[in-house]
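J.: Mind having a look at this structure? Questions to follow.
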Amino acid sequence: MARELPTGTVTLVFTDVEGSTRLLQQLGADAYADTLAQHRRALREAFIRHDGVEVDTQGDSFFIAFSTAPAAIAAAAEAQQLLAAGPIRVRMGIHTGTPYVTDEGYIGPDVHRAARIAAAGHGGQILVSSSTAPLVGSESLRDLGEHRLKDLAAPERIYQLGGEAFPPLTSLQRTNLPIPATPFLGRQRELEEVTTLLASGDARLLTLTGPAGAGKTRLALQAAAEASDQYPDGAFWAPLAALRDPKLVLEVAAQALEARDGLADRIADRRLLLVLDNFEHLIDAAGELAGLLAACPNLQLLVTSRELLRLPGEQAYPVPPLEPQNATELFTARARAADPRFEPGPMVEQLCSRLDNLPLALELAATRVAVLSPEQLLARLAKRLDLLKAGRGVDPRQQTLRATIQWSYDLLDEAERLLFERLSVFRGGCTLEAAEEICEADIDTLQSLIDKSLLHRERERFWMLETIREYAAEQFEHRGEADSAADRHADYFVSLAKEVYPHEEEEDPGRGRLLYHELDNLRRARTWLVDSGDVERELRLATAALWGLWTRASLRELEHWLVSALERDSGADPWLRAEALGGLALAAANLGERDDAREYARECLSLAREREDKRQIEWALRVLSFDEPDLDERRRLLQECERLNRQVGNDVGLGWVTLLLGTALVDEGRFQAARATFEQAAAIFTRLGRRWEATNAKTEVAYALIANGEDEAARPLLEDALRTAVDLQSLPLAVEALVGVASARLKTNPGAAARLLAAAWAIGEEGGRPLDPRLHGFVSEPAERYARERLGERFEGEWEAGSGLTLEEAVALALDER
């Protein structure tokens, strides 16, 4: 079929097999597969003959585009004739519009409209929209009247091609569901989950919860429309936002059903769905719903609320923010309503993320694109609570982000407000222990904030959407307690960082991972300490964070913390300054800043000798050995390190000294001896249970094998190292393993090797963990030259492709056996 999608005015055709599950059961799997294949061939033959373009196919459904409506009509009619003798019956929907073309195909309301029209029909039936009908003439069309489809749009006149009799269309009937101002976008997973819960019959009271602006109402209405077929007595909507008296809830619901003799009497044993929208401020009326459900055995309630009702049998469904792709699509669609020429750029996804992918925030932001670009919007998000405003005709609660969050805040009691505000001190969430110590949190109030959708819990962490946290922080400033809370916050995280890796010889990987989860809180604590001029605590935080986050965080960022603190230090404890300098020397060495590293190490050594601190002396000597060009002097330094480590009982230090002796052998070209030394270091680390260090040593074994021409022997070691790096969430270890795998695959697959080298380089740079300079000169640079020679003109393309890989994609490529 033709590949290029028609543009401008396009006629869209959707097809779907009726009763596919029943047919599968009747025919059996093999016969059904053959029948389905014949059906596909027949449809494609008809579409090809009339110049149709196959946009998409999923399962037993087709999406076809035509440049003209007559061609679409002719193709659909011919396809039905070809299928008439077979067991498969296909429903078809045809609609003409101006869908927007992207690299992935068509998007926009016209696509959804065509699919909805097809879904309303029956097997063998061809339905035609009111926009297509005038383009093909009325002679062959039968007017089926106005119908409201499940996209909740206004009623539309629908036509049928041909005069055959079919059952009534499966359109919306017996409902007062409102007509939304905009089409439903995204949320397909959530929509399927909610409709499944409704269809199960077990959830007679289903409550959609979520924070302000999460899109609870829109999801509930769409789910009610989708599920309407299972409610022969109708699906009805009762809006409660404007109501202030809980005693009037059932009365408003009765009005929605046009009940004159009482709601329970009106419903009785009828099978219907009642949507109660915006219930959070009327919680006192929840008990009346329990009575209503007891009196009406076939009634189902779908409730939207920022707070759970806490009734027996209630099924909660927390509505999450949008997925990133759906958020971008929603923002783009709404932005085009404000500016039809709007084209999404790379900043749109970042803008959506900063707005928590929250539908209301995205819609409000999109209205600003007529005046502000996405880049300008991003720059102004510090004032998002007032920047993002709706136009006329919008619920006052949703006029601004401030208004919609204020609605929830006003429903809190004083204890809830105080904890809500105090929790704004955290960045990236917190543990229960941190909330208790810093904010004096109690379990009941935390639970209440979760129930009210102002706080979320995921595994062991509590967190707020940034939009909500900003509002809480603003209120906390007005209360006048923000500074004291920030100081307690800094104290807590300085102490936490110090607990993780107090010395090289002590390790608790679990606490190391815990500290990485607190990276945003460490940043917040550091900012407070810098702003308040507390250099000593800043230096303690920076030093402890370097060791606690060494295997995971950006080394450039951690180095900056130390440099910044040391520049302002004028009288810190000599031991603390030596510790900071020792860590900074290691960081600088790993970043290729050799002269700075040696300068920091010498100052650390001077302070350590003054205090006769053998552990610090050994560390400074070890760092000085890294780039010592005189191999005899390097061995002398390392022998001194070995002696000191034995004196202080630092077996981990002995392991590192052994590894560094191996690198000296590599520099001499004695690869077999180096391999044996690296294996000795790996054995020391393994005996001590130091998995990260042992993997580093095994990686060095592999590099020695590669240097000795034993690529195949090196590859399994490097693949194991890569798996361990992923498991330990260690970016530097992963980057080094990727380079090694690339080098080992140069001769068998130079294209993949080039991509892996580029990926390792780009991922390391982006993560603030550039490739170790020694490794670059010894492995990466020669590998890159070899790949360039082997690939010729292909090299640049492979390098560019590799530079765009994520870590997950690069790992998958590295572990691919091909």
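The values are calculated or read from the model by the stated rules, or taken from the named source; none is laboratory data. Here the structure is a predicted model, which is why all the values come from computation and not from measurement. With ideal geometry, Cβ positions are generated from the backbone for all residues, glycine too; neighbour counts draw on all protein chains shown. The protein model used for the area step is the full one, side chains on, heavy atoms only, and it has no ligands, DNA or RNA in it. Shrake-Rupley method; radii C 1.70, N 1.55, O 1.52, S 1.80 Å.
J.: Look at A762 and say whether it is among the aliphatic types (A, V, I, L, M) and either open to solvent by less than 10 Å² (accessible area, probe 1.4 Å) or in contact with a Leu (Cβ under 6 Å, 6 or more places away or on another chain) (or both). Break it down into steps so the answer makes sense when it comes.
T.: Values: among the aliphatic types (A, V, I, L, M): yes; either open to solvent by less than 10 Å² (accessible area, probe 1.4 Å) or in contact with a Leu (Cβ under 6 Å, 6 or more places away or on another chain) (or both): no.
So A762 does not fit the description; no.
J.: Still on this structure, I have one more. Could you give me the residue pairs with C-beta distances under 8 Å whose first residue belongs to the range 513-529 and is under 12 Å from L558 (Cβ atoms), whose second residue is modelled with pLDDT of 90 or more and open to solvent by 60 Å² or more (accessible area, probe 1.4 Å) wherever it lies, and which are 6+ apart or on separate chains?
T.: R523/R427
J.: Continuing with the same structure: Of the numbered conditions (1) free of Cβ contacts under 8 Å to residues at least 24 places away in the same chain; (2) hydrophobic (A, V, I, L, M, F, W, C); (3) closer than 28 Å to T196 by Cβ, V252 fails exactly one; give the number of that condition.
T.: Among (1) free of Cβ contacts under 8 Å to residues at least 24 places away in the same chain; (2) hydrophobic (A, V, I, L, M, F, W, C); (3) closer than 28 Å to T196 by Cβ, V252 violates only (3).
J.: Starting from the range 129-152, keep only residues that are closer than 30 Å to A224 by Cα and assigned to a helix (DSSP H, G or I), then list their pairs with residues that are open to solvent by 20 Å² or more (accessible area, probe 1.4 Å) and modelled with pLDDT of 90 or more whose Cβ atoms are within a distance under 7 Å, requiring at least 6 positions of separation or different chains.
T.: Here the result reads A133/L141; A133/Y159, each pair linking the range 129-152 to a residue that is open to solvent by 20 Å² or more (accessible area, probe 1.4 Å) and modelled with pLDDT of 90 or more.
J.: Filter the range 120-135 for residues that are open to solvent by less than 30 Å² (accessible area, probe 1.4 Å) and in contact with a helix residue (DSSP H, G or I) (Cβ under 6 Å, 6 or more places away or on another chain); which is nearest to G86 (Cα to Cα)?
T.: Step one: filter the range 120-135 for residues open to solvent by less than 30 Å² (accessible area, probe 1.4 Å), giving 120-129, 132-133.
If we keep only those that are in contact with a helix residue (DSSP H, G or I) (Cβ under 6 Å, 6 or more places away or on another chain) too, we end up with 126-127, 129, 132.
Values: I126: 17, L127: 21, S129: 27, T132: 28 Å.
Result: I126.
J.: Pick from the range 778-805 the residues that are within 33 Å of the chain's Cα centre (by Cα) and surrounded by 14 or more Cβ atoms within 10 Å (Cβ to Cβ): which of them is modelled with the lowest pLDDT? Spell out how you get there, then give the answer.
T.: Here is the first cut: in the range 778-805, the residues within 33 Å of the chain's Cα centre (by Cα) are 780, 795-805.
From what is left, the residues that are surrounded by 14 or more Cβ atoms within 10 Å (Cβ to Cβ) are 780, 795, 798-799, 801-803, 805.
On the way: S780: 81, F795: 92, E798: 93, W799: 93, A801: 93, G802: 92, S803: 92, L805: 92.
In this case the residue turns out to be S780.
J.: Which count do you get for residues in the range 783-800 that are in contact (Cβ under 8 Å) with a residue 24 or more places away in the chain and out of contact with any helix residue (DSSP H, G or I) (no Cβ under 7 Å at 6 or more places or on another chain)?
T.: 2
J.: Quickly run through the range 327-373 and pick out the residues that are at pLDDT 85 or above and of a type in the set (S, T, Y).
T.: Result: T328, T332, S353, S373.
J.: For the range 446-473, which residues satisfy the criterion of being polar (S, T, N, Q) and open to solvent by 30 Å² or more (accessible area, probe 1.4 Å)? Lay out the reasoning, then the answer.
T.: We begin by selecting, within the range 446-473, every residue polar (S, T, N, Q); these are 447-448, 453, 467.
Scanning the range 446-473 gives a single hit, Q447.
J.: Right, another one. Any idea how many residues of the range 107-119 are in contact with an Asp or Glu (Cβ under 9 Å, 6 or more places away or on another chain) and open to solvent by 20 Å² or more (accessible area, probe 1.4 Å)?
T.: From the range 107-119, those in contact with an Asp or Glu (Cβ under 9 Å, 6 or more places away or on another chain) are 107, 109, 112-113, 115-119; that's our starting set.
Applying the additional criterion that residues be open to solvent by 20 Å² or more (accessible area, probe 1.4 Å) yields 107, 109, 112-113, 115-116, 119.
Going through the range 107-119 one residue at a time, the tally reaches 7.
J.: Here is a follow-up. Yes or no: the range 718-728 includes at least one residue that is out of contact with any Lys or Arg (no Cβ under 8 Å at 6 or more places or on another chain), more than 23 Å from Y516 (Cβ to Cβ), modelled with pLDDT of 90 or more and not hydroxyl-bearing (S, T, Y).
T.: The initial filter retains those residues of the range 718-728 that are out of contact with any Lys or Arg (no Cβ under 8 Å at 6 or more places or on another chain), namely 718-719, 722-723, 725-727.
Then keep just the ones that are more than 23 Å from Y516 (Cβ to Cβ); that gives 718-719.
So of that shortlist, the ones also modelled with pLDDT of 90 or more come out as 718-719.
Now restrict to residues that are not hydroxyl-bearing (S, T, Y): 718-719.
Yes, the range 718-728 has at least one match.
J.: Just to verify a result, which residue in the range 340-383, among those that are hydroxyl-bearing (S, T, Y) and assigned to a loop (DSSP other than H, G, I, E, B), is most open to solvent (accessible area, probe 1.4 Å)?
T.: In the first step, residues of the range 340-383 are kept if they are hydroxyl-bearing (S, T, Y); the result is 353, 367, 373.
Adding the requirement that they be assigned to a loop (DSSP other than H, G, I, E, B) leaves 367, 373.
Values: T367: 71, S373: 40 Å².
Among those that are hydroxyl-bearing (S, T, Y) and assigned to a loop (DSSP other than H, G, I, E, B), it is T367.
J.: Of (1) modelled with pLDDT of 90 or more; (2) on the phi > 0 side of the Ramachandran plot, A713 satisfies all except one. Which?
T.: In the conditions (1) modelled with pLDDT of 90 or more; (2) on the phi > 0 side of the Ramachandran plot, A713 misses (2) alone.
J.: Would the range 15-25 turn up any residue that is among the basic types (K, R) and more than 35 Å from the chain's Cα centre (by Cα)?
T.: Applying the first criterion (among the basic types (K, R)) to the range 15-25 yields 22.
Within this subset, residues satisfying the condition of being more than 35 Å from the chain's Cα centre (by Cα) are 22.
There is at least one residue in the range 15-25 that is among the basic types (K, R) and more than 35 Å from the chain's Cα centre (by Cα).
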